[in-house]
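The values are calculated or read from the model by the stated rules, or taken from the named source; none is laboratory data. Here the structure is a predicted model, which means the values were calculated and not measured. Cβ atoms come from the backbone with ideal geometry, glycine included; neighbour counts cover every protein chain shown.
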């Protein structure tokens, strides 16, 4: 199956003064493939190995994983090939200093699941945020069903996971999915990062260790999610829907950017 993801979509735009900014540049499709996940995991590993890892800002514009690779999973590609995704998300979650996700436009599916592993999220009011997998005949398969309820509560997580629609930044902020709103989330994230640097790395690291220690993680929950994803990814409905999305992408459209039903209902 031909894939269209950019092999190395991550660019380090700033690295100094105790702050590192890493930005996603995924081409027109804005999908992240296995190689892109491996690149991000490698960046995290290098930063983590430093004596004082910088405050990390990630500009995230991932719409979803590369669907060609997901189709290969349904066709029997070894599940171990997706280890870079686990390393990328796990590496962000365990990063020893503060992590901030900036969402100027949209982070959905795997893009949101990556964002959930960060400490803080800052989005534009008009940004679109959600897990679209239900629209594809799938379920979130990279920890979305496990991490999302911790941030927004079980009912809001259920709404997003069952429906597969995005919410805008304002609604995401109301839910607790993002902590701050800004017209320029990257600029605001960098301002916050530099303010955090003044608190000193030992303080940030100590806070991070304490926050990690309080997390209640159910390994069984992640296993249930994984089994559910593998069950639906091989079904004909998922296959035909993903192929339809890829056909739209090949013609320059992106179903992931379709107008959300939730955002049309008011509040």
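A search for C-beta distances below 8 Å between a residue of region 220-242 that is within 16 Å of residue 82 (Cβ to Cβ) and any residue that is surrounded by fewer than 15 Cβ atoms within 10 Å (Cβ to Cβ), counting only pairs 6+ apart in sequence or on different chains, returns 230/79; 234/75.
To keep it simple, each residue is scored yes or no on (1) under 18 Å from residue 233 (Cβ atoms); (2) crowded, with 24+ Cβ neighbours inside 10 Å.
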position: 12; (1), (2): no, no
position: 17; (1), (2): no, no
position: 55; (1), (2): no, yes
position: 67; (1), (2): yes, yes
position: 70; (1), (2): yes, yes
position: 115; (1), (2): no, yes
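To keep it simple, each residue is scored yes or no on (1) surrounded by 15 or more Cβ atoms within 10 Å (Cβ to Cβ); (2) under 19 Å from residue 91 (Cβ atoms); (3) at pLDDT below 95.
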{"site": "213", "(1), (2), (3)": "no, yes, yes"}
{"site": "218", "(1), (2), (3)": "no, no, yes"}
{"site": "229", "(1), (2), (3)": "yes, no, yes"}
{"site": "238", "(1), (2), (3)": "yes, no, yes"}
{"site": "248", "(1), (2), (3)": "no, no, yes"}
{"site": "251", "(1), (2), (3)": "no, no, yes"}
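The one condition from (1) within 20 Å of residue 151 (Cβ to Cβ); (2) assigned to a helix (DSSP H, G or I); (3) in contact (Cβ under 8 Å) with a residue 12 or more places away in the chain that residue 213 does not meet is (3).
Among residues of region 145-202 being over 18 Å from the mean Cα position of the chain (by Cα) and buried (at least 19 other Cβ atoms within 10 Å of the Cβ), the one that is farthest from residue 125 (Cα to Cα) is 201. Here residue 199 fulfils each of the conditions (1) part of a helix (DSSP H, G or I); (2) more than 21 Å from residue 59 (Cβ to Cβ); (3) free of Cβ contacts under 8 Å to residues at least 40 places away in the same chain apart from (1). Looking only at residues of region 246-267 that are assigned to a helix (DSSP H, G or I) and within 22 Å of residue 168 (Cβ to Cβ), we find that the one that is farthest from the chain's Cα centre (by Cα) is 264. Of the residues in region 178-193, none is assigned to a helix (DSSP H, G or I) and farther than 25 Å from residue 12 by Cα. Evaluation of residue 172 against the conditions (1) touching a helix residue (DSSP H, G or I) at 6+ places or on another chain (Cβ under 8 Å); (2) at negative phi shows that the sole unmet condition is (1).
Have a look at 43, 11 and point out the one that is over 26 Å from residue 250 (Cα atoms), without any contact (Cβ under 8 Å) to a residue 40 or more places away in the chain and touching a strand residue (DSSP E or B) at 6+ places or on another chain (Cβ under 7 Å). Let's see the steps before the verdict.
Values: 11 fails: over 26 Å from residue 250 (Cα atoms).
Selected residue: 43, the only one of 43, 11 that is over 26 Å from residue 250 (Cα atoms), without any contact (Cβ under 8 Å) to a residue 40 or more places away in the chain and touching a strand residue (DSSP E or B) at 6+ places or on another chain (Cβ under 7 Å).
Just one of the numbered conditions (1) at pLDDT 95 or above; (2) touching a helix residue (DSSP H, G or I) at 6+ places or on another chain (Cβ under 6 Å); (3) surrounded by 21 or more Cβ atoms within 10 Å (Cβ to Cβ) is not true of residue 110: (2).
Could you identify the single residue in 186, 152, 178 that is at pLDDT 95 or above, touching a helix residue (DSSP H, G or I) at 6+ places or on another chain (Cβ under 7 Å) and closer than 15 Å to residue 58 by Cα? I'd like the intermediate steps shown before the answer.
Details: 186 fails: touching a helix residue (DSSP H, G or I) at 6+ places or on another chain (Cβ under 7 Å); 152 fails: closer than 15 Å to residue 58 by Cα.
Selected residue: 178, the only one of 186, 152, 178 that is at pLDDT 95 or above, touching a helix residue (DSSP H, G or I) at 6+ places or on another chain (Cβ under 7 Å) and closer than 15 Å to residue 58 by Cα.
Looking at region 197-205, is at least one residue closer than 25 Å to residue 31 by Cβ, out of contact with any helix residue (DSSP H, G or I) (no Cβ under 6 Å at 6 or more places or on another chain) and at pLDDT 95 or above? Within region 197-205, none of the residues are closer than 25 Å to residue 31 by Cβ, out of contact with any helix residue (DSSP H, G or I) (no Cβ under 6 Å at 6 or more places or on another chain) and at pLDDT 95 or above.
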